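Since the structure comes first, as structure tokens, the remarks are kept for the end.
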Amino acid sequence: MNRTLLYRLYDKIENKICPGLKYSQYFYEDVLKEGLGKGSVWLDLGCGHHVLPLWRGEQEKELVGQTRIAVGLDYDLRSLLHHRSIRNRVCGNISSLPFREGVFDLVTANMVVEHLDKPDVQYREIFRTLKPGGAFIFHTPNAYGYTTISARVIPESLKAGFIKILDGRPSEDVFKTYYRSNTESQIRKLAQETGFEVVSIRYIASSAKFAVILPFAFLELFWIRLLLTRSFRSLRTNLIVTLQKPFPLR
């Protein structure tokens with residue numbers, strides 16, 4: 001059975017068990033729309049091949065097109081060469097961003113923060129390159145979410161295989177994770193240490209990870225239904241965070 005058909009069947013099951021549930025990437029896309037303006041100078045960190053999921057190509061082009069300048073940064077040159085929408089691409093490291101101080105209105109990271117090995121250093125670099133009043137928006141797994149806990153106990157030798165089955169991603173697009181900025185307490189501590197103000201930390205329940213394995217997806221959706229209640233909010237699988245560089249005091 002092909003993946004397209006499996007996803008169609010999954011959608012029907014999801015609508016029955018968790019009506020109104022959305023994939024976390026759609027929430028992230030909505031936050032980007034709010035954060036970007038016509039005159040924005042935008043840096044997307046760990047941009048890889050694309051900013052939004054593969055099937056949101058037109059929407060991604062619209063987001064990039066509404067900015068004054070969009071820049072993508074990634075340390076993987078192969079990914080940069082194949083990026084579909086951002087023309088201004090830089091091969092570099094988040095620990096030492098090759099930009100002057102106060103350049104960007106917005107810095108974003110979509111499923112990248114979990115890969116930061118020295119988030120205090122990397123937060124400071126992001127802070128440095130933002131204009132006063134500029135925002136750092138990121139979408140990342142919640143360290144207390146069941147998908148993250150599962151990913152952390154799976155041996156590295158097996159992880160790429162699982163990701164290929166569940167997400168369709170090839171092994172060369174799987175990178176080491178650290179989860180050092182993936183809880184609310186970690187984020188608030190890092191923000192305080194690096195000068196950021198916390199605007200919002202949203203807990204997001206996303207679609208079933210086992211969508212292409214329907215018997216597992218069926219059981220998973222009942223757990224997700226619990227996550228949608230306020231009591232289980234802190235165990236939702238994803239975080240969407242907005243931090244802001246404050247204006248200097250006068």
Self-check item: Pair list, Cβ under 6 Å, 6 or more apart: region 221-232 residue free of Cβ contacts under 8 Å to residues at least 12 places away in the same chain, other residue assigned to a helix (DSSP H, G or I) and aliphatic (A, V, I, L, M)
Solution: Phe232/Leu226
Quiz item: When residues of region 76-105 are filtered for being among the acidic types (Asp, Glu) and under 19 Å from Val41 (Cβ atoms), how many remain?
Solution: 2
Exercise. With the condition kept exactly as written, say whether any residue in region 165-181 is under 27 Å from Leu21 (Cβ atoms) and modelled with pLDDT of 95 or more.
Key: yes
Self-check item: In region 230-250, the residues that are part of a loop (DSSP other than H, G, I, E, B) and open to solvent by less than 60 Å² (accessible area, probe 1.4 Å)
Solution: Arg236, Thr237, Lys245, Pro246
Quiz item: Out of all the residues in region 81-131, which are of a type in the set (D, E, K, R), under 29 Å from Ser206 (Cα atoms) and open to solvent by 20 Å² or more (accessible area, probe 1.4 Å)?
Solution: Arg84, Asp105, Asp117, Lys118, Asp120
Quiz item: Restricted to region 21-43, and to residues that are among the aliphatic types (A, V, I, L, M) and outside any helix (DSSP H, G or I), which residue is modelled with the lowest pLDDT?
Solution: Leu36
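The values are calculated or read from the model by the stated rules, or taken from the named source; none is laboratory data. Predicted model, so just to flag it, every value in this text is computed and none were measured. Every residue, glycine among them, receives a Cβ derived from its backbone with ideal geometry; neighbour counts consider all protein chains shown. Just the protein is used for accessible areas: all its heavy atoms, side chains included, with ligands, DNA and RNA removed. Shrake-Rupley method; radii C 1.70, N 1.55, O 1.52, S 1.80 Å.
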